[in-house]
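We did not get these values from a lab; they are worked out from the coordinates using the rules stated. On a predicted model such as this, the values are computed, not experimentally measured, just so you know. Glycine gets a Cβ as well: all are built from the backbone with ideal geometry, and neighbour counts include every protein chain shown.
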Amino acid sequence: MPKRKEQLNKIYRFLLCALGFVMPLGNSPLNSNIIIVLLLLHIITGNWKENFKHNIANKYVIIFISLYFIYVVGLIHSTDMSVGFRQLEVKLPILVFPLLILTGKAVDKELVSIILKSFLTGVILYTLYLISSVLLKVDELSISSFTHSNLSKYHPSYLSIFVVFSILIIINNLIFSRLQKSIIIFNIIILTYLVVFTIALSSKSAILGLFISCLVYAVVVIKKKRWIMIFLGFLIAAFVTSIVVISQTDSLKERLIDAPLKALKNGKSVDANDQNSWAVSFRLQIWDCALDVLSGTNSIFGYGTGDSREKLRECYKEKQYAWILVRNMNSHSEYLAALLKVGILGLVIMLLCFFYPFFSKQISPENGLYLAFLILVSVMAIAENIFSIHKGVLFYGFYNSLLALNFIRKSE
């Protein structure tokens, strides 16, 4: 029996690594299948029995799973139950992974390191595949062929968050791993490649998230002021270099600088002839409606897990925002989405998930990657509904639980 359990644990650990690898690979059905098998193995092996009662009472675990249950409570005052249940299905990783990873002993620091390397490998291979696809399909190549939606097979913002997290993993490896000189050089080359790829994807939230998360990482990890100044110097140099590259590349300059400025100048009107400005223009209209429907006491309890988009649609019609109405666009901000669905309590729980670890006495340099990850997700959540799409909620649920593991064990 112990031998059988050991074999099942090996399969369990392998599947966690496999999930890390396949996560960046588009809309792979493997993600859901692997999670189902992991749950079955978790139950069969009895890993959860050993310390479930102890860990389920941990304040971090309670906060993490509360984010899911507040949406369950939000069903009570929902009228569109089908949409509500669909939202709960999408958000399941927020509940599943804390129970899978944080209530058992199968996951250790060594396995977390292997999973992160598997994820990094998956991101590198997938981005190389995307570049090769462009090279094979496009007859006349230009720089614009390798930017934004021309490069990514799914929403560039979600691919961007994977790439930026990979950059953070490499930085963490360079600082904490004892590497040979050749391996260090290889890591720096891959790091540079992924930074360029992030800029090419042209996700403004991801680029902002990259710089802020790197800054937080430097403050947490680097204790000597001299090295902090050196790291910040490199960060500033990278920022200046990025600005120069963007300003000298017409397609990037148009999307990342000119179009957003034009959209802000136009206010809530949409320029039908300038698609590059739509991302900002649409958000200005969406957020205008979101703030309208949240006026008064509506922000206290929200409209229910299943009804928020319909409330936005009513506002789109009333204000004649035809562009976003026909596209049935969501709130494009996870913070606004939380208020619309489950009110102030839901927003508070989400903010606790993102920022409560920063107030822990257990903060140490080895937690730098976790805190940088939280900053990255919190920045991306400003302009994207990351918990309303499977890729986003899977990414957060999985890596939040993995990286919080060391935090939780130290707090006990």
Review point. Taking the alpha-carbon set of region 309-412, what are its Rg and Dmax in Å?
Key: 16.8, 55
Revision key, fill the gap. Residue-normalised 222 nm signal for the chain, counting each DSSP H run of n ≥ 4 as -39,500 (n - 2.57), nearest 500 deg cm²/dmol, is -24500 deg cm²/dmol
Check your understanding: Per-residue HN-Hα couplings for region 110-125, Karplus 6.51 cos²θ - 1.76 cosθ + 1.60 at θ = phi - 60°, whole Hz, x for Gly and Pro?
Key -> 5, 5, 4, 4, 5, 4, 4, 5, 5, 4, 4, 4, x, 5, 4, 5
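Among 109/391; 3/391; 137/268; 153/253, which pairs are too far apart, with a Cα-Cα distance over 28 Å? The partial results should precede the final answer.
Working: 109/391 24 Å; 3/391 36 Å; 137/268 37 Å; 153/253 22 Å.
Long pairs (Cα-Cα over 28 Å): 3/391; 137/268.
With +1 assigned to the C-beta of every Lys and Arg and -1 to the C-beta of every Asp and Glu, and no other charges, what is the dipole magnitude of the chain about the Cα centre in debye, to the nearest 20?
Details: 39 positive and 23 negative charges, 282 e Å.
Here the chain has a charge dipole of around 1360 debye.
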Review point. So how far, in whole Å, is the C-alpha centre of region 82-123 from the one of region 342-412?
Key: 13
Review point. For region 330-343, what does the Karplus curve 6.51 cos²θ - 1.76 cosθ + 1.60, with θ = phi - 60°, yield as ³J(HN,Hα) per residue in whole Hz, taken in order and with x for Gly and Pro?
Key: 7, 6, 6, 6, 5, 5, 5, 4, 5, 4, 5, 8, 10, x
Exercise for review: Name the residue farthest towards the positive end of the dipole of the chain from the options 220, 82, 7, assuming +1 on Cβ of Lys and Arg, -1 on Cβ of Asp and Glu, about the Cα centre.
Suggested key: 7
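May I ask for the Kirkwood hydrodynamic radius of the chain, worked out over all distinct Cα pairs and given in angstroms to one decimal? Could you put the intermediate results ahead of the total?
Working: mean 1/r = 0.0442 Å⁻¹.
The answer is 22.6 Å.
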Revision key, fill the gap. Out of 269, 118, 401, a Gaussian network model of the chain with alpha-carbon springs under 10 Å gives the largest mean-square fluctuation to 269
Practice item. Identify, among 189, 44, 94, the residue whose Cα sits farthest towards the positive end of the charge dipole of the chain, taking +1 on the Cβ of Lys and Arg and -1 on the Cβ of Asp and Glu, with the dipole about the Cα centre. Key: 44
Revision key, fill the gap. Rounded to whole Å, √(5λ) for the Cα gyration tensor eigenvalues of region 216-375, largest first, gives 35, 27, 9
Practice item. Please turn the phi angles of region 102-108 into ³J(HN,Hα) values with the Karplus equation 6.51 cos²θ - 1.76 cosθ + 1.60 (θ = phi - 60°), one per residue in order, whole Hz, x for glycine and proline. Key: 8, 10, x, 10, 6, 9, 10
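What relative contact order, as a whole-number percentage, does the chain give when Cα pairs under 8 Å and 6 or more residues apart are counted? Could the numbers behind the result be given before it?
Details: 508 pairs, mean separation 94.2, N = 412.
Dividing the mean separation by the residue count of the chain yields 23 percent.
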Study note, to complete from the structure: Across 216, 244, 379, the residue with the highest GNM fluctuation in the chain (Cα network, 10 Å cutoff) is 244
Exercise for review: Rank 367, 350, 166 by how far each Cα sits towards the positive end of the charge dipole of the chain (+1 on Lys, Arg Cβ; -1 on Asp, Glu Cβ) and give me just the farthest.
Suggested key: 367
Check your understanding: Taking region 79-213, how much of its Cα-Cα pair set, in percent, is spaced more than 21 angstrom apart?
Key -> 56
